[in-house]
Amino acid sequence: MKKDFLCLSDWTASELEAIFELCRDLKAKTKARTAHRLLEGQTLAMIFEKSSTRTRISFEVGMFQLGGHALFLHSGTTQMGRGEPIKDTARVMSGYCDGIMIRTYSQAAVEELARISAIPVINGLTDLYHPCQIMADLFTVIEHKSNYRDLTYCWIGDGNNMANSWINAASVFGFELRVATPKGYEPDAEVMARAKKAGAKILYTKDPAEAACGADVLNTDVWASMGQEAEQQEREKAFVGYQINDELVARANDDCVVMHCLPAHRGEEITDSVIEGKHSIIFAEAENRLHVQKAIMATLMGVNRCS
């Protein structure tokens, strides 16, 4: 039976840690230029409704390194862009390809695609979740701080898809998470309620300084995500004080690390000095998108695929 990668909370901690182990092995092989063609002859369809840099490049390069092929499909150039039902696209792609990665707006659309498709579906981003990014983030933390479950994580900024995915991660792995957002920009209420019902250790506050105090990992994202550009000025006013800067980093632990999923608006949600500073692991985090997603694809699409 095929399995999809739509949301972290669909997976157990042990299943996700197995992906981290495979990621470690694949990254080592990549650095050593050792062949690891686990998906020889397979094809991944990549559907994009939202623009992309890291997602497209990492999945396309990842499939090449795994011995397969990736097809870039902008939704506007496919029949999906002309109103073809998702269930029809899912059936057709299931006959052509071995897996689908989709980067779009609606989580419901991704879930419908996965439900109808006979091949694995990977959520490359929706407005609700960004699970591949969180896996890369956590793997990067593991590389820098091996006992990652005992750390205190901090999310400062918009309660967006990244914040929702960090809440899911806290629920699955059991680490402490602090979330600080302005009023009116809270994370999804249902996501938070499910996590708390599952016993997740989450502190929600409107005070960034409270969230950052003694934290091990600081994380943020742009204040206006794709599709919210018209709200940029309004959001800039609402998010005053929610910038990760040197003063805020100083409130965290001395050996804290700082992450950002990129692209960053330097001088808005995070300062240039923090991005380029000693605590930043942002570009290691970006590179790990490649290695983590290869491990996810190999797990879902490989000969010993998850069942």
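Please go through (1) of a type in the set (A, V, I, L, M, F, W, C); (2) under 30 Å from ALA198 (Cβ atoms); (3) buried (at least 18 other Cβ atoms within 10 Å of the Cβ) for ALA13 and return the number of the only condition it doesn't satisfy.
So the condition that ALA13 fails would be (3).
From the list VAL179, VAL191, VAL217, pick out the single residue that is free of Cβ contacts under 8 Å to residues at least 60 places away in the same chain and of a type in the set (Val, Ile, Thr).
That would be VAL179, the only listed residue that is free of Cβ contacts under 8 Å to residues at least 60 places away in the same chain and of a type in the set (Val, Ile, Thr).
Read through the list (1) among the aliphatic types (A, V, I, L, M); (2) assigned to a helix (DSSP H, G or I); (3) not assigned by TED's automatic domain parsing to the domain that holds LEU113, then give the number of the only condition that MET1 fails.
Result: MET1 passes all but (2).
Restricting to the stretch 109-151, and then to whatever is of a type in the set (A, V, I, L, M, F, W, C) and not in a helix (DSSP H, G or I), can you tell me which residue is nearest to ASP25 (Cα to Cα)?
ILE122
Would you confirm, using the coordinates I've provided, whether ASN164 is touching a helix residue (DSSP H, G or I) at 6+ places or on another chain (Cβ under 6 Å), more than 25 Å from ALA238 (Cα to Cα) and of a type outside the set (A, V, I, L, M)?
The answer is no for ASN164.
Considering only the stretch 140-166, state which residues are without any contact (Cβ under 8 Å) to a residue 40 or more places away in the chain, crowded, with 22+ Cβ neighbours inside 10 Å and in contact with a Leu (Cβ under 7 Å, 6 or more places away or on another chain).
Once the filter is applied, which keeps residues that are without any contact (Cβ under 8 Å) to a residue 40 or more places away in the chain, crowded, with 22+ Cβ neighbours inside 10 Å and in contact with a Leu (Cβ under 7 Å, 6 or more places away or on another chain), the stretch 140-166 yields only ASN164.
Residues checked against (1) not aliphatic (A, V, I, L, M); (2) not assigned by TED's automatic domain parsing to the domain that holds ASP221:
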{"position": "ASP98", "(1), (2)": "yes, yes"}
{"position": "ILE142", "(1), (2)": "no, no"}
{"position": "ARG149", "(1), (2)": "yes, no"}
{"position": "THR152", "(1), (2)": "yes, no"}
{"position": "ALA163", "(1), (2)": "no, no"}
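Suppose we keep only residues that are in contact with an Asp or Glu (Cβ under 8 Å, 6 or more places away or on another chain) and hydrophobic (A, V, I, L, M, F, W, C) within the stretch 1-52. Which one would you say is nearest to THR78 (Cα to Cα)?
So, considering only residues that are in contact with an Asp or Glu (Cβ under 8 Å, 6 or more places away or on another chain) and hydrophobic (A, V, I, L, M, F, W, C), the one nearest to THR78 (Cα to Cα) is MET46.
Quick one: count up the residues across the stretch 140-170 that are in contact with a strand residue (DSSP E or B) (Cβ under 8 Å, 6 or more places away or on another chain) and not β-branched (Val, Ile, Thr).
Residues that pass the stated criteria total 14.
When you check ASP137 against the structure, is it touching a strand residue (DSSP E or B) at 6+ places or on another chain (Cβ under 7 Å), buried (at least 24 other Cβ atoms within 10 Å of the Cβ) and outside the structural domain of GLY76 (by TED's automatic domain parsing), yes or no?
So ASP137 passes the test.
Looking only at the stretch 254-278, which residues are surrounded by 15 or more Cβ atoms within 10 Å (Cβ to Cβ) and free of Cβ contacts under 8 Å to residues at least 40 places away in the same chain?
Matches in the stretch 254-278: THR271, VAL274, ILE275.
So the check is Cβ under 7 Å with 6+ separation or different chains; which pairs have a first residue in the stretch 3-27 that's within 18 Å of GLY302 (Cβ to Cβ) and a second one that's of a type in the set (Lys, Arg)?
Final answer for the pair search is LEU26/LYS294.
What about ALA109, is it farther than 20 Å from HIS260 by Cα, surrounded by fewer than 24 Cβ atoms within 10 Å (Cβ to Cβ), in contact with a strand residue (DSSP E or B) (Cβ under 6 Å, 6 or more places away or on another chain) and not acidic (Asp, Glu)?
no
Among the residues of the stretch 34-75, write down those that are over 20 Å from ALA114 (Cα atoms) and of a type in the set (Gly, Ala, Ser).
ALA35, GLY41, SER51, SER52, SER58, GLY62, GLY67, GLY68
For the stretch 77-94, which residues satisfy the criterion of being touching a residue at least 12 places away in the same chain (Cβ under 8 Å) and either part of a helix (DSSP H, G or I) or surrounded by 19 or more Cβ atoms within 10 Å (Cβ to Cβ) (or both)?
MET80, ILE86, LYS87, THR89, ALA90, ARG91, MET93, SER94
Based on what the data block shows, is PRO182 more than 17 Å from the chain's Cα centre (by Cα) and not assigned by TED's automatic domain parsing to the domain that holds THR89?
The answer is yes for PRO182.
Residues to consider are ALA28, ALA70; find the one that is outside any loop (DSSP other than H, G, I, E, B), surrounded by fewer than 21 Cβ atoms within 10 Å (Cβ to Cβ) and either of a type outside the set (S, T, N, Q) or within 21 Å of the chain's Cα centre (by Cα) (or both).
ALA28
The values are calculated or read from the model by the stated rules, or taken from the named source; none is laboratory data. Remember, it's a predicted structure, so these values are computed and weren't measured experimentally. A quick note on method: Cβ atoms are made from the backbone with ideal geometry, for glycine too, and the neighbour counts reach across all protein chains shown.
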